[in-house]
Every structure is written in structure tokens, then in C-alpha cells.
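A quick write-up on the structure given underneath.
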Amino acid sequence: MTTTFTWYGHAAIGISTSGFNLLIDPFFKGNAQASQDPSSLSADFILVTHGHGDHLGDTVDIARRTGATVISNAEICNWLARKEVKVHGLHLGGGFHFPFGYLKMTFALHGSALPDGSNGGNPGGFLLTTLDGKKIYLAGDTGLFGDMQLIGQEGIDLAALPIGDNYTMGPDDALRAVKLLQPAVVVPIHYNTFPVIQQDPASWVTRVSQETNTIVILMKPGDTIEIE
Ligand code: NI
Ligand code: MN
């Protein structure tokens, strides 16, 4: 079964696997990079890594329109449940067998306040194991941390890593993250959306290609790749 990965710009990602459509950190309105209008997107599940507005994004609107279940940490899920949204709360290190695969919430070094100032718990990332065993690591917003090596031990087929700096890992630490994670493929995200996270992704591609065995795929917002 083919699994596809679409980058919509910033940290907004779509994954289609075993007939299920997942949206991750669906930030479209107010995202100058966004490749499309969220009203045309279908979703069965929405994964939210942390409470910041550029990740929570249009989650409430899309979840209400589609009936999708939102998966995030327990604090964000409790906040969303009060907005008439279906939720499934996970927490760091915990996973669950969903119809689309096994999804585990991973550690992230960041913040997670919700847009209204509510406590959004701890930030996270996600490690998805599809029904046919593909592993996709979505780091979320994070600084470099050594336990990426433990995550890498699971054998990652594709990792999406922030490279923008300022709020997350920059290009140097993201390169070190690739060395710890050793994914088959890496896609850089979370750059060039705002002036403070302006980066040259092409030079990062060159460095990763020269210093690791990982294949780097530079996507444009709206591009889709298949995960082999
Ligand atoms: Ni953030
Ligand atoms: Mn962010």
C-alpha cells in the first residue's frame, strides 16, 4: 500500500496511508507559504504537535467540517474537546494503534501555549508506523536533543525536520539531527515562512548529501512524494 507525504508549507503536512487522510499541524490561514485553501482538504485525523498558532492553525475549522478526530497531547485535546471537536489524547512516549497505524508521541524541546494563553502541556512530535511498517518521524518544533538517536534506532523511512532556526533547530543542528536519526529520506520544513526563519535550503541539501547517507528531498509547498 502506497503512503504519500504532501508538504503544504511551513509545518503543515498531509499523509495518505491505507485509505486514511491525515493532516498534521494544518496552518493555512495567515500562512503566506500555504499552497492551498483548507476548505478543499479532506481529513480523517488531524495531528497537532503543540499549541502554537502556526501549528494548531485551522484545526478547529477543519475538524468541525470533516468530523476528523484530532490527536494531540491531553492538554490540547481537553481544550479542543470544549470546542465540539472529537479528540484522542496521547502523551509523550505513549502510542496507540489507530486504524491508520501505530502513532507514538515523541519528545520535543519547545513550548506549547495555546493561542488564548491556555496551558498546552508539553510540545511533541510524532512517530507513525504505517500498517505496512513504514516509519515516518515528524519532529514538530524542536531544538536538537540527543534522544533523537533512540528514535532513529526504530529505523526511519522519512523524517520531516525544522531547519528555520530562531524558534527551532537551524541548519547546523538539523544536520546533526540527521546524523542521529539516520533516516532514509529527510524533508526540511519550517523555514522561510517568516523573516526570522529565512534559510537557504539548497545549501542544507548539499551539506546533508555530502556528510550523510540520507537522501534529502527539497519540496515546494503543494508537492507530494511517495514513501517507498
Ligand atoms: Ni512552535
Ligand atoms: Mn512553529
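Identify all residues within the range 162-194 that are within 12 Å of ligand 2 (Cβ to nearest atom) and touching a residue at least 60 places away in the same chain (Cβ under 8 Å); write none if there are none. Selection gives Pro162, Ile189, His190, Thr193. Within the range 176-192, is there a residue that is in a loop (DSSP other than H, G, I, E, B) and closer than 17 Å to Lys104 by Cβ? Scanning the range 176-192, I find at least one residue that is in a loop (DSSP other than H, G, I, E, B) and closer than 17 Å to Lys104 by Cβ, so the answer is yes.
Just one of the numbered conditions (1) among the charged types (D, E, K, R); (2) modelled with pLDDT of 95 or more; (3) more than 16 Å from ligand 1 (Cβ to nearest atom); (4) surrounded by fewer than 16 Cβ atoms within 10 Å (Cβ to Cβ) is not true of Lys104: (4). Condition check: away from ligand 2 (no atom under 14 Å from the Cβ), of a type in the set (Phe, Trp, Tyr) and farther than 23 Å from His190 by Cα. Does Trp79 satisfy that? Spelling it out, Trp79 is indeed away from ligand 2 (no atom under 14 Å from the Cβ), of a type in the set (Phe, Trp, Tyr) and farther than 23 Å from His190 by Cα. Among the conditions (1) of a type in the set (Asp, Glu); (2) on the phi > 0 side of the Ramachandran plot; (3) surrounded by fewer than 20 Cβ atoms within 10 Å (Cβ to Cβ), Asp25 misses just one, which is (3). Would you call Ser16 more than 14 Å from Thr69 (Cα to Cα), of a type outside the set (Val, Ile, Thr) and part of a strand (DSSP E or B)? Yes: the conditions hold for Ser16. Does Ser18 qualify as being open to solvent by 10 Å² or more (accessible area, probe 1.4 Å), more than 16 Å from ligand 2 (Cβ to nearest atom) and in contact with a Gly (Cβ under 8 Å, 6 or more places away or on another chain)? Yes. Cβ-Cβ contacts under 8 Å between residues 6 or more apart (or on different chains), taken from a first residue in the range 53-70 that is closer than 16 Å to His88 by Cα to a second residue that is open to solvent by 30 Å² or more (accessible area, probe 1.4 Å) and within 16 Å of ligand 1 (Cβ to nearest atom), are listed as Leu56/Pro115.
Within the range 138-151, restricting attention to residues that are assigned to a loop (DSSP other than H, G, I, E, B) and out of contact with any Gly (no Cβ under 7 Å at 6 or more places or on another chain), the residue that is nearest to Asp54 (Cα to Cα) is Asp141. The single condition among (1) part of a helix (DSSP H, G or I); (2) surrounded by fewer than 18 Cβ atoms within 10 Å (Cβ to Cβ); (3) in contact with a helix residue (DSSP H, G or I) (Cβ under 9 Å, 6 or more places away or on another chain) that Thr206 does not meet is (3).
From the list Gly111, Gly120, Gly133, the lone residue that is open to solvent by less than 20 Å² (accessible area, probe 1.4 Å) and not polar (S, T, N, Q) is Gly120.
Considering Thr66, Thr59, Thr130, the condition of being over 17 Å from the mean Cα position of the chain (by Cα) and among the β-branched types (Val, Ile, Thr) is satisfied by Thr66 alone. The single condition among (1) over 24 Å from Phe107 (Cα atoms); (2) assigned to a loop (DSSP other than H, G, I, E, B); (3) free of Cβ contacts under 8 Å to residues at least 40 places away in the same chain; (4) away from ligand 2 (no atom under 16 Å from the Cβ) that Glu154 does not satisfy is (1).
The values are calculated or read from the model by the stated rules, or taken from the named source; none is laboratory data. Everything quoted here is computed from the prediction, not taken from an experiment. Cβ: placed from backbone, ideal geometry, glycine included. Neighbour counts: every protein chain shown. When the accessible area is computed, the model is the full protein with side chains, heavy atoms only, and any ligands, DNA or RNA have been set aside. Shrake-Rupley method; radii C 1.70, N 1.55, O 1.52, S 1.80 Å.
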